[in-house]
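Laboratory data are not the source of any read-out in this text; all were calculated from the coordinates shown. Every value quoted in this text rests on a predicted model; they were computed, and no experiment measured them. Cβ coordinates were reconstructed from backbone atoms using ideal geometry, including for glycine residues, and neighbour counts include every protein chain displayed.
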Amino acid sequence: MAPRPLVKIENLSFWRGKTPILQDISFSIEEGTTFGLVGESGSGKTTLAKLLIHLLRPTSGKIFFQGISLEKLSKKEKQKMRAEVQMVFQNPYASLNPRHTVETTLEEPLIIFGRGNKKARQEALFSLLEKVGLSPDKAKRYPHELSGGERQRVAIARALILKPTFLILDEPVAALDVSIQAQIINLLRDLQKELSLTYLLISHDLSLVKYLSDSIAVLSQGQIVEIADSDALYTSPQHPYTQQLLASLASLLGTPEEALK
Ligand SMILES: Nc1ncnc2c1ncn2[C@@H]1O[C@H](COP(=O)(O)OP(=O)(O)OP(=O)(O)O)[C@@H](O)[C@H]1O
Ligand SMILES: [Mg+2]
């Protein structure tokens, strides 16, 4: 089967009052692939994610999910999309409820969406704990009783519990120790394969985005300045801003190749 776009964005713009935050954004994300969105702080990355999960409404332009425009979704389709599109945030400590155990955090979406009886929900959550590399005894823990890496594993499990097709990863490892980052990145990679997930990976870190993404868009001040296959963007960046991003990477970490090791 030929790949088809799971997500398509057409001429999307978003203004806050008289300020343009995103301007004329267009791209599509093929099923089963990772689309990387890279750009400096304040360039509009999280705003774009919020538009995709329908937390914000575009000023103009369209977003299609599985071929249907978000503004045309029926109530039932909206409900379905709320399960199919999930987001993982930068800071798992802020995004997890401190008064909920891991078990409650994972079971809650299943209860809200009326999925399964108690036994089926328990099975689903323990099987998912294993998938994200957490032992069953973590189920009774509270967020403050977990390490940063474990917390992000819980946040990933929560995003997966409703069996979504599309995950928006907004700086998923930026808050973690460098030593833990690679573990979470590899977990995300394995889960994508195992569960046939499509990712939008948002980061200011071009080496991370390059490592995981099939295609990359470079966002600068609310506009996409370059879109290319991951390899092409890295080996022959066209836009001066992309070249500047690569150069700063090289000066921080040696050559781009070394940066990826
Ligand atoms: N709730 C808000 N009210 C007003 N302005 C906002 C709000 N959220 C974001 N902005 C502004 O919108 C612009 C884009 O912000 P956004 O959070 O999308 O950037 P970002 O690329 O995600 O940045 P970062 O890398 O720091 O997370 C910024 O100028 C920001 O100040
Ligand atoms: Mg952001």
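For this structure, a couple of remarks:
- Spacing of the two label points (7 Å from each Cα toward its C-beta) at ALA247 and GLU130, in nm: 5.2 nm
- Crossing angle, helix 118-131 versus the chain [Cα axis fit, 0-90 degrees, rounded to tens]: 50 degrees
- Helix axis angle, 178-195 relative to the chain longest principal axis, alpha carbon, degrees: 80 degrees
- Potential lengthening of the chain between ALA83 and LYS163 amounts to 28.1 nm, from the contour at 0.36 nm per residue minus the alpha-carbon distance.
- Reachable lysines, given that their alpha-carbon falls under 18 Å from the alpha-carbon of LYS140 and they are not under 8 places away in the same chain: LYS118, LYS119, LYS131
- Only helical runs count toward this figure. For the chain, summing -39,500 (n - 2.57) over DSSP H runs of n ≥ 4 and dividing by all residues gives -12000 deg cm²/dmol at 222 nm.
- The magnitude of the dipole of the chain, with charges of +1 and -1 set on the Cβ of Lys/Arg and Asp/Glu and taken from the Cα centre, is near 1320 debye.
- Over segment 5-259: Rg over Rh, Cα atoms, Kirkwood Rh: 0.97
- With each label modelled as a point 7 angstrom along the Cα→C-beta vector, the ASP214-LYS193 pair spans 1.5 nm.
- Full extension of the chain between ALA174 and LYS118 yields a length gain of 16.6 nm, computed as 0.36 nm times the residue separation minus the alpha carbon distance.
- Theoretical FRET efficiency, 1/(1+(r/R0)^6), r = Cβ-Cβ of LYS18 and LYS140, R0 35 Å, to 0.05: 0.10
- Contour excess over end-to-end distance, with Cα ends at ASN186 and LYS62 and 0.36 nm allotted per residue: 41.4 nm
- Using alpha-carbon coordinates, inclination of helix 75-84 to the longest axis of the chain, degrees: 90 degrees
- Of GLY148, THR198, ALA94, farthest towards positive along the dipole that unit charges on Lys, Arg, Asp, Glu beta carbons give segment 5-259: ALA94
- Partners of LYS80 within straight-line reach, counting aspartates and glutamates whose Cα lies under 15 Å from its Cα and excluding those fewer than 8 residues away in the same chain: GLU71.
- For segment 13-129, convex hull of alpha carbons as volume per residue, Å³: 158 Å³
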